[in-house]
């Protein structure tokens, strides 16, 4: 009798264990089927965007970056932080020192000059657009009205001088020495000045402010400052630089040396050189004041 009781007890225990085991297998299968136990995959799909800080002047650089911002996030999971400035002389130092990932505000000669003079550890990682230089006046409606002895106000950035003087030379207003070009010419390289022009230098960001000055007969203003002041280069300039895709004054993105191949830097350049941004530039500045540098 006792033996029978033991057998019954063992049989019941084995049956209970079998049911528990079956229940566990069913539960695990259900979990696997529903995908509830996949925390790693969920974490990967919701990875936080990588942040990218870029210093830029307001117009057109900041406007172009704003257009690129959603494309960077959607296509590359890069969150763009735009740091606006109107100062030409701190962005390269900030990038060289690692205080920002990149900057977008300058053309190649300015970049080269800044790097040579200050020893900045920065790299040119891609050309984006061109802003034609224009000459404006509040006093005269055409170059023919410009009197001998006129005062021409120009940027005090030496990197701009060759460009400005070359435009004036092509217009037949002066002659430069042989062997100099838009990248190397300075005021001292003027060989013939038949109209006895006088050149006055001011900070680039102050150029538009000199237009109402009675002493300013003609003011040479870069595209970003002109459009920032409400000027339309193709309509308001008495003389406008003829820009093309090979223009050496293409505006570039610069980053710290050693970071040229960073994924987020490459993503920024790819987006800024994309067909979407090219079309945005052409549509936004359809007067030709800003021209995409990529084909």
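Details
- Put a dot 7 Å past the Cα of residue 58, heading toward its Cβ, do the same for residue 97, and the two dots end up 2.4 nm apart.
- Neighbour-count ranking [beta-carbon atoms within 10 angstrom, fewest first] of 108, 290: 108, 290
- Potential lengthening of the chain between residue 276 and residue 187 amounts to 28.0 nm, from the contour at 0.36 nm per residue minus the alpha-carbon distance.
- Across the alpha-carbon set of region 134-240, the Rg to Rh ratio works out to 0.93, Rh being the Kirkwood radius.
- R0 of 45 Å, Cβ-Cβ distance residue 138-residue 260: FRET efficiency to nearest 0.05: 0.55
- Of the beta bridges in region 134-240, as assigned by DSSP with both residues counted there, near 50 percent are antiparallel.
- Length gained on full extension, residue 178 to residue 234, computed as 0.36 nm times the residue gap minus the Cα-Cα distance: 17.1 nm.
A short reminder: the numbers here are calculations on the coordinates, not readings from a lab. Everything numeric in this text was worked out from a predicted model, so none of it was measured. Cβ coordinates were reconstructed from backbone atoms using ideal geometry, including for glycine residues, and neighbour counts include every protein chain displayed.
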